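Here the structure comes first, spelled out in structure tokens, and everything after it is commentary.
The values are calculated or read from the model by the stated rules, or taken from the named source; none is laboratory data. This structure is a prediction, so every number in the text was calculated from the model and none was measured. Backbone-built Cβ (ideal geometry, glycine too); neighbour counts: all protein chains shown.
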Amino acid sequence: MTTDERLWTFYDAMLDALGPQGWWPAETPFEVVVGAVLTQNTNWKNVERAIANLKREGLMDPVALDATDADRLGEVIRPAGYFRVKARRLKNLMRVLTKRFGGDLDALFALSTSALRETLLEVSGIGPETADSIVLYAAGRPVFVVDAYTARILCRHGLIESGATYEDLQSLFQGALADDADLFGEYHALLVAVGKDWCKKRAPQCDGCPLEPLLEPGQPVTEFV
DNA sequence: TGCCAGGCCGGGT
DNA sequence: ACCCGGCATGGC
């Protein structure tokens, strides 16, 4: 079985076992943008509190966020952790959004996929995963989001070298799979679900590579998740 | 009860 | 070009 075929197999197996994850959990595209920053290295449960606070304070809005003092914003998003850093990062992004795009997310999303990605990456505090999460889940473009779980699981399966870069992994998926935002979105969500449930609790040593594969081709999915 | 979560930056080699 | 410390709350 080729690597490309195995990546499809993983997807089918995870989808069978866990069902559609329906990511991103948000009411609006702008909430995806905010959540993508807040969830950096942070439990989603904590992010939910911060998002609830922002809504309650009427701050789930580009112009309102841009106008809010960083200290106050920090207090509002405090439950998400790294709150001083994330307040700055959010404001960095909101400044670009308001000054260059009139505070209109659709104006930003009118850029081509590559221009959108580059624009986001220019913002201090927006790295590849955060940018791609926004491009995929808020703008609906087919870019594959890579995270720590993705790397661990692929490394564990011997599909990448331990030194593989973000772009290496992204290319692997984007070369193997159909160019489909819904597929990419579901795939990444499933990897996170599997990573949380399985990689950590049942194989905490999976940071070390190489290790034996978790799922041989043709092996029942129940042994994977 | 410690360890760690859906990263990223900036300064040091 | 890598490597590393810093950033911080809340859940299990």
Checklist entry - A:Val63 versus (1) of a type in the set (A, V, I, L, M); (2) under 22 Å from the mean Cα position of the chain (by Cα); (3) surrounded by fewer than 15 Cβ atoms within 10 Å (Cβ to Cβ): which is the lone unmet condition? => result (2)
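Being within 10 Å of DNA strand C (Cβ to nearest atom) and assigned by TED's automatic domain parsing to the domain that holds A:Ser124: is that true of A:Arg100 here? If you could, list the steps in order and put the result at the bottom.
Details: within 10 Å of DNA strand C (Cβ to nearest atom): no; assigned by TED's automatic domain parsing to the domain that holds A:Ser124: yes.
No: the conditions fail for A:Arg100.
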Checklist entry - What helices (runs of 4 or more DSSP H), lying completely within region A:62-174, carry at least 1 residues that are more than 15 Å from DNA strand B (Cβ to nearest atom), touching a strand residue (DSSP E or B) at 6+ places or on another chain (Cβ under 6 Å) and at pLDDT 95 or above? => result none
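Take the residues of region A:167-187 that are in contact (Cβ under 8 Å) with a residue 60 or more places away in the chain and more than 17 Å from A:Gly19 (Cβ to Cβ): which is nearest to the chain's Cα centre (by Cα)?
Here is the first cut: in region A:167-187, the ones in contact (Cβ under 8 Å) with a residue 60 or more places away in the chain are A:172-173, A:175-177, A:183, A:185-187.
From what's left, more than 17 Å from A:Gly19 (Cβ to Cβ): A:172-173, A:175-177.
Values: A:Leu172: 17, A:Phe173: 15, A:Gly175: 19, A:Ala176: 19, A:Leu177: 18 Å.
Here the residue is A:Phe173.
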Checklist entry - Any residue in region A:181-194 that is more than 16 Å from DNA strand C (Cβ to nearest atom) and either farther than 16 Å from A:Leu15 by Cα or in contact with a Gly (Cβ under 6 Å, 6 or more places away or on another chain) (or both)? => result yes
